[in-house]
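S.K.: Could you have a look at this structure, given as structure tokens, before my questions?
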Amino acid sequence: MDISSPSQVWRWISQHIYGLCLTIALAGIAYLLRNLPIFALFSPLIIAIMLGILFRNIIGMPAYCQVGVTFSMKRILRFAIILLGMQLSFVQVLAIGVKGIGLIIFTLFSTFGFTYCLGRQLGVSKSLTYLIASGTSICGASAVVATSSATHSSDRDTTYAVAIVTIFGTLSMFLYPLLPTLLSLTPETFGIWCGASIHEVAQVLAAAYQVSPISGELASITKLSRVLWLAPVIVGISYLYSYRKPHYNHQASTAIAIPWFIFYFILLIILNSLNIFPTELKNAIEQINKFLLTISMAAMGLETKLQQLRETGLKPLYLGAGSWLFISIFSYGLVKIFY
């Protein structure tokens with residue numbers, strides 16, 4: 001939309017302000033609740049999406065909020081994914097060594113392939129299968145939204161996939177800290193396992209730091225190295241989704257649906273690898289980015305209609321569970337073999 005004139009700016013503001021205020025308010029409440037002991041183990045992102053779901057399905061979302069909520073869910077989240085590039089650098093990949101890089105690559109692509117095959121067996125739609133596969137194998141909600149741009153997935157599929165990866169990532173966050181002794185994992189290997197298998201960055205840190213600072217540090221490096229694969233995987237999905245669709249008309253367009261914001265994400269990674277950003281700026285951007293992600297998760301919750309999820313059925317939930325179990329067990333096996 002062209003907002004070059006004052007009247008158009010005012011029109012844009014009037015259309016978006018109510019939805020934006022609603023998502024910002026829910027994000028703020030999520031941060032406040034995070035300070036209560038009962039919510040201490042949850043990230044604001046998880047709290048925000050649950051608040052959004054409760055608000056939508058109990059109170060109901062006014063129609064005049066829809067435009068702003070959609071903007072928060074799509075535009076703000078894509079901008080937050082771009083800013084995530086400032087937390088990543090190619091130096092991080094080198095820091096975990098050849099074994100760590102191999103473990104991440106093998107786990108990521110094995111999980112994606114397993115999820116794709118399981119989705120076909122269960123009869124889950126190709127679009128929703130891709131969303132769950134990317135969310136589980138790469139980085140949760142951010143990967144789901146990036147993939148939805150490449151596959152032109154519906155808002156319902158996107159929201160369902162985000163909810164699924166959030167559920168199982170949260171389970172990992174609670175269960176993993178109980179397992180190091182039982183599974184004979186040192187703080188170092190536990191951190192690597194967390195980073196290689198848990199869905200969201202916040203969930204990884206919450207689980208790993210409960211065991212030790214060493215686990216948290218290695219988990220963050222491993223996880224962020226895994227997030228670096230977001231860009232090439234999404235571009236690959238764009239190619240596969242565009243060219244492997246059935247073409248009943250041989251003259252049908254085969255243009256690749258590339259989510260262009262991914263290239264801005266890559267650009268920030270390259271610039272950050274050159275150490276041109278001051279540490280203070282990166283720290284400030286990281287905090288801002290967390291709040292932007294929380295706003296987007298609140299919007300995701302507001303777009304979640306439980307009735308629609310029930311209509312979609314339980315098969316995607318089974319797919320998310322199978323994918324979660326696979327990445328947890330498979331990555332643990334690799335950790336034991338490599339380390």
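S.K.: When you scan the range 183-190, do you find a residue that is of a type in the set (Val, Ile, Thr) and not in a helix (DSSP H, G or I), even just one?
M.R.: Yes.
S.K.: Okay, moving on. Can you tell me which residue within the range 95-123, out of those that are among the β-branched types (Val, Ile, Thr) and under 20 Å from the mean Cα position of the chain (by Cα), is nearest to ARG226 (Cα to Cα)?
M.R.: Restricting to residues being among the β-branched types (Val, Ile, Thr) and under 20 Å from the mean Cα position of the chain (by Cα), the top hit is ILE104.
S.K.: Now, a different point. Just a yes or no: is a residue in the range 184-199 within 23 Å of THR304 (Cβ to Cβ) and surrounded by 18 or more Cβ atoms within 10 Å (Cβ to Cβ)?
M.R.: Yes; the residues of the range 184-199 include at least one that is within 23 Å of THR304 (Cβ to Cβ) and surrounded by 18 or more Cβ atoms within 10 Å (Cβ to Cβ).
S.K.: Here's a check for you: in the range 218-242, which residue that is touching a helix residue (DSSP H, G or I) at 6+ places or on another chain (Cβ under 8 Å) and among the small types (Gly, Ala, Ser) is surrounded by the most Cβ atoms within 10 Å (Cβ to Cβ)?
M.R.: Result: ALA219.
S.K.: Being among the aromatic types (Phe, Trp, Tyr) and either outside any helix (DSSP H, G or I) or free of Cβ contacts under 8 Å to residues at least 60 places away in the same chain (or both) is the filter; apply it to the range 7-58 and report the residue that is farthest from ALA206 (Cα to Cα). Working first, answer last.
M.R.: First pass over the range 7-58, keeping only residues among the aromatic types (Phe, Trp, Tyr): 10, 12, 18, 31, 39, 42, 55.
Remaining after also requiring either outside any helix (DSSP H, G or I) or free of Cβ contacts under 8 Å to residues at least 60 places away in the same chain (or both): 10, 12, 18, 39, 42.
Values: TRP10: 42, TRP12: 39, TYR18: 33, PHE39: 12, PHE42: 8 Å.
Top of the filtered list is TRP10.
Conditions tested, residue by residue: (1) under 30 Å from LYS126 (Cβ atoms); (2) open to solvent by less than 30 Å² (accessible area, probe 1.4 Å).
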| site | (1), (2) |
| --- | --- |
| SER273 | no, yes |
| ILE276 | no, no |
| LYS282 | no, no |
| ILE288 | no, no |
| LEU317 | yes, no |
| ALA321 | yes, yes |
| LEU325 | yes, no |
| TYR332 | yes, no |
| ILE337 | no, no |
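S.K.: Filter the range 46-59 for residues that are of a type outside the set (S, T, N, Q) and open to solvent by 30 Å² or more (accessible area, probe 1.4 Å) and give the result.
M.R.: MET50, LEU51, LEU54, PHE55, ARG56, ILE58, ILE59
The values are calculated or read from the model by the stated rules, or taken from the named source; none is laboratory data. Because the structure is predicted, anything quoted here is derived from the model rather than measured. So basically every Cβ, Gly included, is an ideal-geometry build from the backbone, and we count neighbours across all protein chains shown. Areas reflect the complete protein model, heavy atoms only, side chains present, ligands, DNA and RNA absent. Shrake-Rupley method; radii C 1.70, N 1.55, O 1.52, S 1.80 Å.
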